[in-house]
Amino acid sequence: MNQKQNDIGAAVRQVLGDSLAYLYPAAMRTAVTLGIADQLADGPKTADELAAKSGASADHLRRTLRFLATRGMFHEEEDGTFGLTVSAGLLKSDSPLPMASIVNLLTDELYWLPAGKLDDTVRNGTTAFPDIFGAPLFDYLAERPERGEVFHTALDELSATEHGGIVTTYPFPESCTVADIGGGKGGLLREVLTKNPTVNGILFDHESVVADHGLDTPDLKGRWEIEAGSFFEKVPTADVYLLKRILHDWNDADCVRILRSCRDSMAEGGKVVVVDTVVPSGNDPHPSKLSDLAMMIVFDGKERSEAELEALFAEADLKLARVIPTSGSVSIVEAIAA
Ligand SMILES: C[S@@+](CC[C@H](N)C(=O)[O-])C[C@H]1O[C@@H](n2cnc3c(N)ncnc32)[C@H](O)[C@@H]1O
C-alpha cells in the first residue's frame, strides 16, 4: 500500500471512529452509575466479580470496560481482570479530586439531549435546551431542587479541581473584600479566605443555591457574608469581583449587564476577575473549543478569546489589565475601571 492509500485508510478509520465517539461518554456514565471505580479501589477484578456486585450483565460490562481501557479509563490486565488508571481513580468517591459527579452531570440528559440538537442550534442560531426542557437551564433547575442539586454538586466538585491553581496564582490584595458572584456553594471563596487571612468575603448567588453553602467552618468565623440575588439587578459592594465560569453561560448582551452590575457597585480601585477558559487561535485542540459547543447548546453562552473579553469589558466601562494562565484549563482575566 502506498502512502496515499495509508493516509486515506487512516482518515476513513478516523471518520468512522469519530462518528461513534458519543459512545465514550455513554460508557463512562455506565462505569460511574455502576460504581466500578470504587469497586476496584482494593485491586483489579474480573468483569464477573464487578457485575455480580453491581447487578449488571458480566458480558456487557466486560465489553464496556474493554472499550474504556482503550482510552486509558481503566486497564485490562493480561489475566483478564480490570484495574484502575489515574483517570479512572478520579471516579472513586474518596478521590482527593473527585470527578464522578461531573461525569454524571455532563453525560446527563440535561446535556445529552441538547447535543442531539446541535444541528438545529447551528442552523437557527438558538439554544437547544429551552426548546427541549421548556425553560432556560437555571430557571429549570430553580424549579426542580433535586436536579439543581446534581448540577451544583457537580460544579462544586469541578471547581474544587481548579481552586488550588487560582488561589496560588492570583495575588489577592491585603485586607480587601472579595465577592464571589454566582459563587455556587462557596468552594472557591472558602479557599480564597483560607489562603488569604486578611481578606473578607461575600458569597452571592440565587437564594436556593446559597442556602446550602459551605462557608460555615470555625476557622472562617466572622469573615464572610451571604447575599442572595440576581447579578442582573445589583451586586454587593466589594474590592474584587470573582466571576468564575459565569460569563461563558451568557450571550454578549447579558455579559455586559453582569459586568455593569459589578462596575456600578465596585469600590474605588476595584477589580473584576473573570475566571474562564480563554479560546486560543489556531487549530490545536484546547478544552475551550469543546466546552464552547456545550455552552452553545445548553446555555445561550460561549467561550471567548481574549479580544472578545476585552470588547465586553469596554462595553461595561472596564478595561483588560492582564491575563494570567493557571495550571488548569481556565485563565484569570483581570479588568479594572476604564
Ligand atoms: C456555571 S455555575 C458556576 C459556579 C461557580 N462560580 C463555579 O465556578 O463553580 C454558574 C452559577 O451562576 C449562578 N447564577 C445563575 N444565574 C444567576 C443570577 N441571575 N444571579 C446570581 N447567580 C446566578 C448559578 O446559580 C450558578 O451557581
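The values are calculated or read from the model by the stated rules, or taken from the named source; none is laboratory data. Since this is a predicted model, take the numbers as computed values, not measurements. Don't worry about glycine lacking a Cβ; one is built from the backbone with ideal geometry, like all the others, and counts go over all protein chains shown. To get the accessible areas, we keep the full protein, side chains included, count just its heavy atoms, and leave off ligands, DNA and RNA. Shrake-Rupley method; radii C 1.70, N 1.55, O 1.52, S 1.80 Å.
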Checked against the positive end of the charge dipole of the chain (+1 on Cβ of Lys and Arg, -1 on Cβ of Asp and Glu, about the Cα centre), the farthest of 333, 168, 122 is 122
From the Cα centre of region 49-67 to that of region 257-273, the distance in Å is 53
Toy charge model, Lys and Arg Cβ at +1, Asp and Glu Cβ at -1: region 88-229 dipole around Cα centroid in debye, rounded to 20, equals 320
For region 1-152, the accessible surface attributable to carbon and sulfur atoms (probe 1.4 angstrom, ligands and nucleic acids excluded) amounts in percent to 55
Of all DSSP beta bridges with both partners in the chain, the antiparallel percent, nearest 5, is 45
In a Gaussian network model of the chain with springs linking alpha carbons closer than 10 Å, the residue among 205, 18, 180 that fluctuates most is 18
Taking the dipole of the chain about the Cα centre (Lys, Arg +1; Asp, Glu -1; charges at Cβ), the one of 151, 27, 229 that reaches farthest to the positive side is 27
Placing +1 on each Lys and Arg Cβ and -1 on each Asp and Glu Cβ in the chain, then taking the dipole about the Cα centre, the residue among 140, 288, 267 whose Cα reaches farthest towards the positive end is 288
If one builds a Gaussian network model of the chain from Cα atoms under 10 Å apart, the most fluctuating residue listed among 303, 268, 157 is 268
Taking the chain and counting helices only, DSSP H stretches of n ≥ 4 at -39,500 (n - 2.57) each over all residues, the nearest-500 ellipticity at 222 nm comes to -14000 deg cm²/dmol
Unit-weight point scatterers at every alpha-carbon of the chain, Debye formula, q = 0.08, 0.13 1/Å: log10 I(q)/I(0) is -0.45, -1.08
Within region 1-92, DSSP-loop GluC sites (Glu not before Pro) with at most 15 other C-beta atoms within 10 Å are 77, 78
Once the in-chain neighbours fewer than 8 apart are removed, the aspartates and glutamates whose Cα is under 15 Å from residue 244 read 156, 157, 162, 180, 191, 205, 276, 303, 334
Mean separation of Cα contacts under 8 Å (at least 6 apart) over the residue count of the chain, i.e. the relative contact order in percent, is 12
Among 15, 192, 210, the residue with the largest mean-square fluctuation in a Gaussian network model of the chain built from Cα contacts under 10 Å is 15
Ordering 239, 252 by the accessible surface of their heavy atoms, 1.4 Å probe, largest first, yields 252, 239
